[in-house]
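What follows is a short report on a single structure.
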Amino acid sequence: MMKTFLVVRPRLCVNMALSGAIVAVLLSLYHAHSFAVKECGYLYCLLLSGYGILQVEKIKFITPLLVWLTPQLVLVFMLGNFLSESMQQNAVYIFTRTNKRKKWLYAQLLILFLYSTIYTAVQFIVVLLSGYASGLQPGMDSHSIEAILMALLLLVMQNVFFVVAINMFSLVVSAVQSTAMFMLAHVGGVVLAWFIHEFTPDYSGAIVYFPFTQGIYSWHSDAPVIASALLGDRFRLADYSVVFSIGYMFVMTVALALLGAYRLEKMDLR
């Protein structure tokens, strides 16, 4: 029965890839001309500048925050109403004739994972190609490759967590309300992290448990010193490992999926 519900839309796959490519080109143009990336001269510097580093001191400024949020905003715009739209199209056929609501939901979440992965992977590939075309050198060693893979894994997990959260909330409120509330909470969470760091640094350890900062690679204690070398950002959170963030987002995503399945079982979809 699960295979019956695993229907991937080729057009949406293409749209996710195109959206990811456009975002990647814009971010490449923004970061490739920065002094830090030019000074570094390597592809991994461009990639990490765009997807792994957010200077906590610059969150109070609009541009760096918007640049960091843009890939997530586009992803949410593309997939925020995926579940509610699928329910409207399939509610009568699926839910009134079978008792497989949970299996249907889990199948949709697997499809969301696929779309999110396509979107993120295409961005990484396009940024690498754009950087190479602009004259940056490969210069890949074991440390830079590890950093890129860790940043990629964090972003995939973050994107999956975001789209699952928004789509699960859409089972309670409308997709538009769910998207708006989640993005406001996301922006608020990142700004709150800056506020704590700026005004109450003794409590910076609390940021480790913020759901909306898990994807910021440069804030992790086991991230390489590339952030300092690139942008002079020495902000690190003690005992904040990439493994912790991956586990944190995985647990949160599973919990939301289980709560969503429970909610779906109780809904009257006739």
Condition set assigned to a loop (DSSP other than H, G, I, E, B) and of a type in the set (Gly, Ala, Ser), scope region 233-261, selection nearest to Gly205 (Cα to Cα): answer is Ala238
Scanning region 141-165 for residues that are more than 12 Å from Met252 (Cα to Cα) and small (Gly, Ala, Ser), the one surrounded by the fewest Cβ atoms within 10 Å (Cβ to Cβ) turns out to be Ser142
Val8 passes all but one of the listed conditions (1) touching a helix residue (DSSP H, G or I) at 6+ places or on another chain (Cβ under 9 Å); (2) at pLDDT 85 or above; the exception is number (2)
Within region 52-67, the residues that are under 14 Å from Gly188 (Cα atoms) and either charged (D, E, K, R) or part of a helix (DSSP H, G or I) (or both) are Val56, Lys60, Ile62, Leu65, Leu66
Residue hits (region 14-39; surrounded by 15 or more Cβ atoms within 10 Å (Cβ to Cβ) and more than 19 Å from Thr63 (Cβ to Cβ)) are Asn15, Met16, Ala17, Ser19, Gly20, Ala21
Within region 166-183, restricting to residues that are more than 20 Å from Thr253 (Cβ to Cβ) and in contact (Cβ under 8 Å) with a residue 40 or more places away in the chain, the one that is nearest to the chain's Cα centre (by Cα) is Val176
Considering residues that are under 15 Å from Tyr248 (Cβ atoms) and under 16 Å from the mean Cα position of the chain (by Cα), the number found within region 184-219 is 10
Going through region 166-191 in order, the residues found to be surrounded by fewer than 21 Cβ atoms within 10 Å (Cβ to Cβ), in a helix (DSSP H, G or I) and small (Gly, Ala, Ser) are Ala175, Ala180, Ala185, Gly188, Gly189
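The values are calculated or read from the model by the stated rules, or taken from the named source; none is laboratory data. Remember, predicted model here, so these are calculated numbers, not experimental data. Neighbour counts run over all protein chains shown; Cβ positions are idealised from the backbone, glycine included.
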